[in-house]
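Comments concern the structure below.
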Amino acid sequence: MSIKEFLIGTPLETVREKHERLTKTLGLAVFSSDALSSVAYGTEEIMIALLAGGAALLHLTLPIAITIVALVAIVATSYFQTIHAYPSGGGAYIVAKDNLGTYPGLVAGAALLVDYVLTVTVSISAGVAAVTSAFPALARHTIALCLFSILAIMIVNLRGVKESGKAVAFPVYAFVGGLSLLIVAGLFKLLTMKAAPMAGPAVPRQAVSAAAGALPLFIILRAFASGCATLTGIEAVSNGVRAFKEPEAKNASLTLGWMAFILGALTLGIAFLAQHFHVVPRENETVLSQLARTVFHTGLIYYLIQFSTAIILILAANTSFADFPRLSSIMAADRYLPRQLSNRGDRLVFSNGIVMLGAFSAVPIVIFEGNTNALIPLYAVGVFTAFTLSQAGMVKHWFVRRGEGWAKSIVINAVGTAVTFVVLLIIAVTKFTHGAWIVVLAIPGLVLLTRKIHSHYLDVAKELSLETGGREAEYTHHTVIIPLSGVHRAVLKAVKYGKALSDDVKAVYVVLDMNEARKLEEKWKEYGMGVPLVLLHSPYRSVSGPLMDYIEGVQDKYPDGVITVILPEFVPLKWWHHLLHNQTALLIKGKLLFKKGVVSTSVPLRLQR
């Protein structure tokens, strides 16, 4: 078994694609892991932002959480409409492109792609933070743990959709069960007064410095913007409708409904407990860890909650690994991204997209050293841009098509458009100087790149078209040139092949040492099979330069002809043997690739030892 098969499994037949789709149970785990995992840090982000105005503002934690849950309901209802209107998947990109035009569609697609990268970085860094909260000694290995986690989740997703679903199902449901138990037990202890409220620690240093001169309204808006990270991942189901078993739209919409309900209930529960237990964010311990320790102390249940939290935060990246490749494959099929992204791998997943996402998401981890609080400000701008464009596209969709119940649908999507646009403005303004400017610039930059890619593909198609290119004239002459490094068996194979192609065959040797050149001439007289030998002198010791000059001279002599350069190569038995030989042939092939009217080919001789 090869290493590749060991890591990702044996290849699957194309006909098995339908059998690899997800049930509602697995689908909820795959597509809701991102949204549900935000419960672990959403309340904490609200509280950290409120602390900029002092501990007195912490009583607004629950009202802000309620507002965010109401927003979850609005957005989920809007995407319920999208799933049934566009059951083929693609989400905001397809909706915006179909109804609002190419550029809005590209903006939505670019925003989601950026958001998926940030989802991986935030979820992984938050998961590692949960681990280091329970085991502080691991804090100095944060970056290494983050990168290892990205690699692990990438390999899981390369194994296939169903395999990744099975991998994340237990941790997701364990997390939901653990937090539900925490909320129920916490409420019981509050009612029976068996748990004393925690004494709030000193306000973190960064919060104190930020409080200077800050306006309460601005602080509240910033806290709301931070908490809106809870909504990231809600669009995932609409992007991956085709991943569900039939009937796809029905199963996807039911999954979306359950996800929104669980997300809202857990968010309200954690916010309520955090406010009533007077929990305050600490620099070295998460709010969720403090709550679990308050309710269960540091026993088995505490560590189970911490462990499940860490696992789901890491596996929350699975939502991005499920949706980024699908969205990029759709955009690649439309020729706005490299077409390799539309190819399925051995396990019927878009492997190139999975690997690309893993590589891109590692960059912010390294730059921000796996700091969740530093990464959060970059978050949510992209997803709310996509929310707004998707809902606006659905408004036009219902207005133009006017099917059954269109009036009610248009109202739902219009409300969704207005609300998500207002939230987008709040996030962009309040988070701009804290890093959101990076995303604000990255989205139009990616849109420009997609347009350049699309223009390239259109130009290539035009160049290759039989209708615009006309008929090609036949070559009037065929010259075969064989560069020599010596006289050996590989060269003789190349000479035999060259003589089979043309009557005009030339062997070319670049002279770096006259003594070696004389020895080669003597050998060539005996083994050269009557092929003329041309010696090219190189006073500056360049091999490729004189050869290119000679080729250009032949082109001048036969302007309507074609030249085939045959490169004799021997292939060592072991990979490391290649390091012991120069790669002149590779260099020559690279230069010939850009020469019009020249074809290069290799004649290999495979060594046996």
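The values are calculated or read from the model by the stated rules, or taken from the named source; none is laboratory data. Computed from a predicted structure; not experimentally measured. Virtual Cβ from ideal backbone geometry, glycine too; neighbours counted across all protein chains shown. These area figures cover heavy atoms from the full protein model, side chains too; ligands, DNA and RNA do not enter into them. Shrake-Rupley method; radii C 1.70, N 1.55, O 1.52, S 1.80 Å.
Summary table
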item: Accessible surface of region 400-520 [probe 1.4 Å, protein heavy atoms]: carbon and sulfur percent; result: 60
item: Label point distance in nm, S88-D346, each placed 7 Å from Cα along Cα→Cβ; result: 3.2
item: Which of G54, S455, G353, positive extreme of dipole for the chain (C-beta unit charges); result: G353
item: Sequence-distant residues sharing a close amide H with I481 (under 5 Å, placed H); result: K506, T564, V565, I566
item: Extended-chain gain in nm, criterion 0.36 nm per residue less alpha-carbon gap, F148 and L535; result: 133.8 nm
item: Among 435-447, 575-587, the order from most to least packed when residues are scored by Cβ within 10 Å on average; result: 435-447, 575-587
item: The chain, accessible area per residue, ligands and nucleic acids excluded (1.4 Å, Å²); result: 47
item: Förster radius 51 Å - calculated FRET efficiency between L187 and L449 (Cβ-Cβ, nearest 0.05); result: 0.50
item: Principal axis dimensions, largest first and in whole angstrom, of region 460-527 by Cα; result: 55, 25, 20
item: Inter-label distance, nm, simple model (7 Å from Cα along the C-beta direction), I367/R489; result: 5.4
item: Amide H partners (placed H, <5 Å) of G345, local residues excluded; result: F350, S351
item: Hypothetical label at V571: residues of region 482-497 whose amide nitrogen lies under 15 Å (7 Å Cα-Cβ projection); result: 490, 494
item: Förster radius 45 Å - calculated FRET efficiency between M548 and V400 (Cβ-Cβ, nearest 0.05); result: 0.15
item: Added length on full extension, which subtracts the Cα-Cα distance from 0.36 nm per residue, K595 to A473; result: 42.1 nm
item: Pairwise FRET efficiency - A461 versus L138, Cβ, R0 = 35 Å, nearest 0.05; result: 0.10
item: Over the chain, equivalent-ellipsoid semi-axes from the Cα gyration tensor in Å; result: 60, 28, 22
item: Difference of contour (0.36 nm per residue) and Cα-Cα distance, I438 to K557; result: 37.2 nm
item: Cubic angstrom per residue, convex hull over Cα atoms of region 34-172; result: 173
